[in-house]
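This report refers to the structure that appears directly beneath it.
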Amino acid sequence: VLSRFIELVCIAGWRYIKNEDYPFLKDVLHTLRVPVSFTTEILKKSIPIFVNEFLWAGGVAALAQCYSRKGLAVVAGLNIANVLCNLLSVVFVNLGSAIGILEGQFLGASEFDRARDSAIPLVWFVAGVCLLLTAILVGLAGIFPEAYQTTAQVKDLAKWFIVIMAAFFPIQGMMNALYFILRSGGKTFITFLFDSVFSWTVSVPAAYLLCTHSSLNILVILTIVQALEIIKVIIGLILVRNNLWITNLVE
């Protein structure tokens with residue numbers, strides 16, 4: 001919460017410091033009145049994003065519930081692994097946001113060729129960065145769990161959870177980059193299908209069935225569920241290569 005207040009101060013302050021660079025923000029804080037027609041257009045784009053984020057968070061919770069059926073040690077191990085993996089995943093999440101901004105600038109300037117030509121190289125760039133993150137995670141996998149006062153079983157599970165999650169970091173990074181590229185063109189409904197709908201129709205059912213109707217080890221189950229994300233990457237690459245996301249934002 002505090003970070004959001006700091007963010008507001010930075011952005012609002014920069015707007016006044018560099019006032020001449022942002023003529024479109026002139027008098028932006030002098031009134032709260034927003035035209036109904038403009039509000040409608042904003043809602044058309046933002047509601048799918050809101051619903052997507054809401055359902056995606058629910059999907060993450062549902063996956064955790066499925067994995068919990070394999071025992072308390074699994075829950076503890078996943079909690080430990082997620083602490084480290086979430087810390088490093090911030091890197092590719094923010095790279096994805098940056099890619100969305102870059103592509104949005106190209107589209108806003110009607111530089112469609114630059115937007116198209118830079119999209120796939122940026123995706124591969126994120127994948128390369130994630131390979132480095134994978135190496136870091138694997139290197140820490142045997143060390144990080146030792147910081148917790150828990151059983152040897154939980155520490156061992158946490159170690160292998162980190163290794164498995166790390167192995168799929170490049171896939172996660174590519175998927176995140178593709179998501180923001182698609183969203184930069186205003187294709188919010190496509191990203192809704194691409195993200196949360198996939199989670200609830202593929203990932204969650206697969207995790208549930210594997211955890212409740214199979215005797216597979218939790219490490220195998222986690223690997224299978226993580227591998228399903230490759231489907232999203234393939235679909236995302238097809239959509240981006242076909243230029244379905246390129247939109248004249250000015251019009």
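Bear in mind these aren't lab numbers, they're just calculated from the coordinates by the rules spelled out. These figures come from a predicted structure and were not determined experimentally. Reconstructed Cβ throughout: ideal geometry from the backbone, glycine too, with neighbour counts over all protein chains shown.
Data for the structure
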quantity: Rg ratio (alpha-carbon, reference 2.2 N^0.38 Å) - the stretch 122-165; calculated: 1.39
quantity: Selection from LEU72, VAL83, VAL51 lying farthest towards where the dipole of the stretch 1-153 points positive, charges on Cβ; calculated: LEU72
quantity: Distant alpha-carbon pairs in the chain (separation over 25 angstrom), percent; calculated: 53
quantity: Under 26 Å from LYS187, Cα to Cα: lysines that are on another chain or at least 8 residues apart; calculated: LYS44, LYS45, LYS232
quantity: Most fluctuating residue given options ASP21, ASP117, ASP156, as computed from a GNM of the chain linking Cα atoms under 10 Å; calculated: ASP21
quantity: Percent of C-alpha pairs per 5 Å bin, the stretch 1-146, short to long; calculated: 2, 6, 8, 11, 16, 17, 14, 10, 7, 5, 3, 1
quantity: Residue-count net charge about LEU210 - beta-carbon cut-off 13 Å; Lys, Arg +1, Asp, Glu -1; calculated: +2
quantity: Cα-Cα pairs of the stretch 85-228 separated by more than 22 Å (percent); calculated: 50
quantity: The chain: most fluctuating residue of LEU25, LEU88, LEU107 per GNM, C-alpha cutoff 10 Å; calculated: LEU25
